[in-house]
Amino acid sequence: MRNTYPPSIIDVEASGFGAKSYPIEIGVVRHDGAKWCKLIRPFDHWVHWDEEAEALHGISREMLNNHGLSPIRVCHELNHFLSNTQVYSDGWVVDNPWLIKLYAASGVEMSFTCRALDYVLNETQMEYWHQVKSDIEDHTKDSRHRASTDALIIQKTFVKTKQIA
């Protein structure tokens, strides 16, 4: 796996918050600034839906059915986009299981590794993280809570807190 700066960031939106939930959108901002984001049309057996989650991310079942890609295609595209790199998540505890669920259900092997962002943050970055992230969110034109927007905000927060440290 290649180490890169700034780190590539991934964010996953899901159908809900519990064990029955599944990924519905993945957004990535790679170390070189390239962005990738896709809605995922759920498998027929993925039926759990949480209205509170929908209220948070604004993605409806209708949007997924009309604009989502097949999970298998999403896996292949994401593998191609990230090929043999390491990507980081600030919500690894939920994002990584959702990625595993997506790839396992699709029968596709993940070609990248997802790690917790905490692995690459130093103490000073952690100390200023929430303050800096809030400032960046306040100045971001796209205020949607969506995977690609969140990934970009997280990467910008990493860079800004690294400059402070």
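Relative contact order, whole percent, for the chain stands at 29, derived from Cα pairs under 8 Å and 6 or more residues apart. Taking every DSSP helix (H) stretch of at least 4 residues in the chain, weighting each as -39,500 (n - 2.57) and dividing the sum by the residue count yields a mean residue ellipticity at 222 nm of -14500 deg cm²/dmol. Take the solvent-accessible surface of the protein heavy atoms, probe 1.4 Å, and return the percent of it on the range 19-165 that carbon and sulfur atoms account for. With neighbouring chains kept in place, the figure for the range 19-165 is 50 percent.
Translational diffusion coefficient of the range 51-150 at 4 °C, 1.567 mPa s, Stokes-Einstein with Kirkwood Rh over Cα pairs, in µm²/s as a whole number.
Numbers: Rh = 15.8 Å.
Once the numbers are plugged in, D ends up at 82 µm²/s.
Annotation: peptides 74-84, 128-138, 18-28, ranked by per-residue average of other Cβ atoms within 10 Å with the highest first, follow the order 18-28, 74-84, 128-138. As an exercise, use a Förster radius of 30 Å and the Cβ-Cβ distance of Val159 and Met110 to find the FRET efficiency, rounded to the nearest 0.05. According to the calculation, E is roughly 0.70. Relative contact order of the range 1-77: 28 percent, from C-alpha pairs under 8 Å at least 6 residues apart in sequence.
How much accessible area per residue does the range 1-41 have, in Å², with a 1.4 Å probe? If you can, show how the numbers build up before the last one.
Working: 1700 Å² over 41 residues.
Here the per-residue accessible area is 41 Å².
PRE reach from Asn79 (point 7 Å along Cα→Cβ): which of the range 112-130 fall under 13 Å by backbone N? Answer for this model: 112-113.
The distance separating the Cα centre of the range 7-27 from that of the range 113-165 comes to 17 Å.
One chain, two ends: Lys20 and His145. Fully extended at 0.36 nm per residue, the span grows by 42.9 nm beyond their Cα-Cα distance. Going by accessible surface with a 1.4 Å probe and the largest first, Lys101, Lys160 read Lys160, Lys101. Taking Cα atoms only, the orientation of helix 92-106 departs from the longest principal axis of the chain by about 30 degrees.
Does the range 97-165 come out rounded, prolate or oblate, given a ≥ b ≥ c as the square roots of the eigenvalues of its C-alpha gyration tensor, rounded meaning a/c under 1.5 and, failing that, prolate meaning a/b above b/c? Oblate is the answer for the range 97-165, as a/c is 1.5 or above yet b/c matches or exceeds a/b. On a 0 to 90 degree scale, rounded to 10, what angle separates helix 71-82 from the longest Cα axis of the chain? Its long axis makes an angle of about 20 degrees.
When only Cα pairs below 8 angstrom with a gap of at least 6 residues are kept, the range 71-141 shows a relative contact order of 38 percent.
Within the same chain, lysines fewer than 8 places from Lys133 are excluded, and of the rest, those with a Cα less than 22 Å from its Cα are Lys35, Lys141, Lys156, Lys160, Lys162. Taken about its Cα centre, the chain carries a charge dipole of about 540 debye when Lys and Arg each add +1 at the Cβ and Asp and Glu each add -1 at the Cβ.
Of all lysines in the structure, those lying under 20 Å Cα to Cα from Lys101, and not within fewer than 8 positions of it along the same chain, are Lys20, Lys38.
Placing R0 at 22 angstrom, the Cβ-Cβ distance between Thr124 and Thr4 gives a FRET efficiency of 0.60 after rounding to 0.05.
Diffusion coefficient (Stokes-Einstein, Kirkwood radius over C-alpha pairs, 10 °C, 1.306 mPa s) for the range 90-136: 126 µm²/s, rounded to a whole number. Averaging 1/r over each pair of different alpha-carbon atoms in the range 1-121 and inverting the result gives 14.5 Å, the Kirkwood hydrodynamic radius. For the chain, the longest principal axis of the alpha carbon atoms and the long axis of helix 147-164 meet at an angle near 10°.
The values are calculated or read from the model by the stated rules, or taken from the named source; none is laboratory data. Keep in mind the model is a prediction, meaning the values are calculated, not measured. When we count neighbours, we look across all protein chains shown, and the Cβ atoms used for this are built from the backbone with ideal geometry, even at glycine. Each accessible area value is taken on the protein alone, full model and side chains, heavy atoms only, with ligands, DNA and RNA left out. Shrake-Rupley method; radii C 1.70, N 1.55, O 1.52, S 1.80 Å.
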